[in-house]
Amino acid sequence: MGAGRIHAADHGSAALNPASMDFDAARRRMVDEQLRARGLRDLRVIEAMASVPRERFVPADLHHRAYDDCPLPIGHDQTISQPYIVALMAELLALKSSDRVLEVGTGSGYAAAVLAELAGEVFTIERHAALAQRAQRDLAALGYEDIKVRAGDGSLGWPEAAPFDAILVSAGGPVVPESLRQQLAISGRMVIPVGHDPHSQRLLRLTRRDADHFEEEHLAAVTFVRLIGAEGWGEEG
Ligand code: SAM
């Protein structure tokens, strides 16, 4: 049985002891069974997903589920996204090694680490200061000291660091924030879950063709936590 299918209900299994788990093997199975099997093909993304240790971004009591095919809780009512979704969004961004990328919704820092494997510079912003701090610490411990992490409202972007070649929004808003649109470079790509229902969205890819024109592609149906902020949902939803 793949580690990705081990659930907390399997009490007594030796595989539940994180010390006895082979995370490298679990990561390889995740890549084969959750990414390649679903059609993801970008080799750079596959390699990034095969190299970032997801177990280092999930709470210790969930280490045994680090490669499960689902989001996992990380505290503050937030989640680390499903591996497939992280890989899909990264593939849709078509990143080059020189790109400057903004991520909105740092959460655990996992997606930021994947982006850092693919791009030149990564900026990531998280509204929960405690999560931002923990992500920064965990990223630095893995050698990702160059990722810039900030606590704040990412629906407003990171104006001083703009423009960005790519923007990945890891939380779902009712509309595409205008601030984020304007911080996209010409030819830049943004992938964002958008929907008027706070509990279900559609993944949208925007490509900025020139100052005023954005190509929009409506992709898979997804479920993300809410983007809360001045250009997202209000605190109360
Ligand atoms: N990318 C993360 C990871 O790899 O662990 C998962 C992100 S989680 C699905 C979404 C995150 O977006 C949450 O941590 C949430 O607090 C954050 N968030 C929601 N609204 C935000 C905003 N306006 N600015 C910054 N972060 C926000």
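The values are calculated or read from the model by the stated rules, or taken from the named source; none is laboratory data. Computed from a predicted structure; not experimentally measured. Here the Cβ is made from the backbone with ideal geometry for all residues, glycine too, and neighbour counts use every protein chain on show. We work out accessible area using only protein heavy atoms, side chains counted, and drop any ligands, DNA or RNA first. Shrake-Rupley method; radii C 1.70, N 1.55, O 1.52, S 1.80 Å.
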Expressed in angstrom and ordered largest first, the alpha-carbon extents of the chain along the principal axes are 58, 39, 34
What are the extents of the Cα atoms of segment 56-107 along their three principal axes, listed from largest to smallest and rounded to whole Å?
37, 21, 16
Just the number please: accessible area per residue for the chain, 1.4 Å probe, all protein chains included, in Å².
44
Considering only the other residues whose Cβ falls under 12 Å of the Cβ of R137, what net charge follows from Lys and Arg at +1 and Asp and Glu at -1?
0
What distance in nm separates the simple spin-label points at S187 and H76, each placed 7 Å from Cα in the Cβ direction?
3.5
Can you tell me, using C-alpha contacts under 8 Å and at least 6 residues apart, the relative contact order of segment 101-237 as a whole percent?
21
Can you give the accessible area of D138, probe radius 1.4 Å, in Å² rounded to 10?
30
Full-extension gain between R202 and E216, please, as 0.36 nm times their residue separation minus the C-alpha to C-alpha distance.
3.9 nm
The simple spin-label model distance between R36 and K96, using points 7 Å out along Cα→Cβ, in nm, is 2.9
Got a number for the accessible area of M89? Probe 1.4 Å, square angstrom, nearest 10.
10
Per DSSP H run of n ≥ 4, the term is -39500 (n - 2.57); total these for the chain, divide by its residue number, and report the mean residue ellipticity at 222 nm rounded to 500 deg cm²/dmol.
-6500 deg cm²/dmol
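Please give me the summed charge of the neighbours of H196: other residues whose Cβ is under 15 Å from its Cβ, Lys and Arg +1, Asp and Glu -1.
0
Could you work out the local net charge near Q78, counting Lys and Arg as +1, Asp and Glu as -1, over the other residues with Cβ closer than 13 Å to its Cβ?
In short, +1.
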Rounded, prolate or oblate: which fits segment 28-138, taking a ≥ b ≥ c as square roots of the Cα gyration tensor eigenvalues, rounded meaning a/c under 1.5, else prolate when a/b beats b/c?
oblate
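Which order do you get for Y110, Y84 if you rank them by accessible area with a 1.4 Å probe, largest at the top?
Largest accessible area first, the list is Y84, Y110.
Using a 1.4 Å probe on the protein heavy atoms, what percent of the accessible area of the chain belongs to carbon and sulfur?
Within the chain, the accessible surface is 50 percent carbon and sulfur.
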Based on the Cβ-Cβ distance from R209 to A25, what FRET efficiency comes out when R0 is 35 Å, to the nearest 0.05?
0.20
What Kirkwood hydrodynamic radius do you get for segment 115-237 when you take the inverse of the mean 1/r over all pairs of distinct Cα atoms, in Å?
15.0
